[in-house]
Every structure is written in C-alpha cells, then in structure tokens.
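The values are calculated or read from the model by the stated rules, or taken from the named source; none is laboratory data. What you see is a predicted model, and the numbers here were worked out from it, not measured in a lab. Ideal geometry is used to build each Cβ from the backbone, glycine not excepted, and the neighbour counts take in all protein chains shown. The protein model used for the area step is the full one, side chains on, heavy atoms only, and it has no ligands, DNA or RNA in it. Shrake-Rupley method; radii C 1.70, N 1.55, O 1.52, S 1.80 Å.
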Amino acid sequence: MESNFEAFNQVVGLIFDQLYRKFPIAVEIDHDEIAEKLGIAILPYDPPSMVITIRTKIYGEIAPSTNMEDFVNEAIEFLAVEGFLQRDGYSIRLSAKALTLLNAPLPGLEKPAGAQIVEISKNVGTAAGKAAIGEIVGQVIGAAARGFWGS
C-alpha cells in the first residue's frame, strides 16, 4: 500500500486523465475506473434493511486507513481549491491553469504532460506505471507552484 502522497499523485493523475480525454466536456469522475486501474477492490454494499443509503458499493483502501472513494473526493476538492478544476456540482472540467500545464511539454520529454498521463494511465496498475504517473503529476503540481516551467 502506498503512502498518502504516492496515492495522491496516482489518483490526481487518473483524475487528470479522465478530464483531459473529455475536455472541454464537464464530467463526473468515474471512481470505478480509478479503482480498477489502481487494482483497488470494489465490493457490493448491502446495508442492513433498516439503513437507508444511496451507497451501492464500497471501495477498498488506497492508503493506510483511507477509503478510496473518500480519498478521490478529497483529491478533487484539493484540485478545485488550488484552481486546477472548475466544478458545478458533480460535473468537473479542467481549468485554464490545468489545461495550460497539461498541454506543456515536460522537461526532457517530447509530449505534453497531459498526453503522457493519458498514455501512462493505460498501464498505471503496474509499479512502474504508478511511479511514472506520480512523477509527472508531481512535476505538474510543482510547475504550478513555481508559476510554470521554470518561470
């Protein structure tokens, strides 16, 4: 099981993957897709008959003592607060800030960060895939913190 920081970078990479592929369309993040790509269990939720709930499934842990669904929702909240996402209820799209960063080539690579994330997300379930997507997301968020690639 990854640390929270490693899991965060992987989840953010898969959120960016979904939004980059669908841009400019606002979408609901597909938690099942993230769970499946990261190899996290999705279990049916059968509450006791006296409990009323809209939850139909339970996700396994992504980080120590952290449910994957809650973790993804917190990652979305962080990205929205930091200006990477535009939200309208459950519908989300990349902000201009995120799109600019994802369309920029990473240092040492020929493809833009977004294209790299989409490509890597196809095999993110492997240790190498998780490390690669985590590294790219770290560079993207770091670039935003620095005010873009080395500016």
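Kindly sort Glu33, Glu28 by accessible area of their heavy atoms, largest first, with the probe set to 1.4 Å.
Descending accessible area places them as Glu28, Glu33.
Would you kindly find the accessible area of Lys111, with a 1.4 Å probe and non-protein molecules such as ligands, DNA and RNA excluded, rounding to the nearest 10 Å²?
Lys111 exposes around 80 Å² with every protein chain in place.
How do Glu6, Glu110, Glu36, Glu69 rank by accessible surface area computed with a 1.4 Å probe, from largest to smallest?
The ranking, largest first, comes out as Glu110, Glu36, Glu6, Glu69.
Using a 1.4 angstrom probe on the protein heavy atoms only, could you order Ser95, Ser3 from most to least accessible area?
Largest accessible area first, the list is Ser3, Ser95.
On the principal axes of its Cα set, how long, how wide and how thick is segment 66-110? Give whole Å, largest value first.
The principal-axis extents, from largest down, are 35, 25, 15 Å.
Set the Förster distance to 35 Å, then compute FRET efficiency between Phe78 and Lys111 from the Cβ-Cβ distance, nearest 0.05.
Numbers: r = 26 Å, r/R0 = 0.73.
E between Phe78 and Lys111, to the nearest 0.05, is 0.85.
Mind checking segment 92-151 for trypsin sites (Lys or Arg not before Pro) that DSSP puts in a loop (not H, G, I, E or B) and that have at most 16 other Cβ atoms within 10 Å?
Answer by residue number: Lys122.
If I take all pairs of Cα atoms in segment 68-150, what percentage of them are more than 17 Å from each other?
52
Leaving out ligands and nucleic acids, note down the accessible area per residue over segment 67-110 with a 1.4 angstrom probe, in whole Å².
Spelled out: the 1.4 Å probe surface of segment 67-110, per residue, equals 55 Å².
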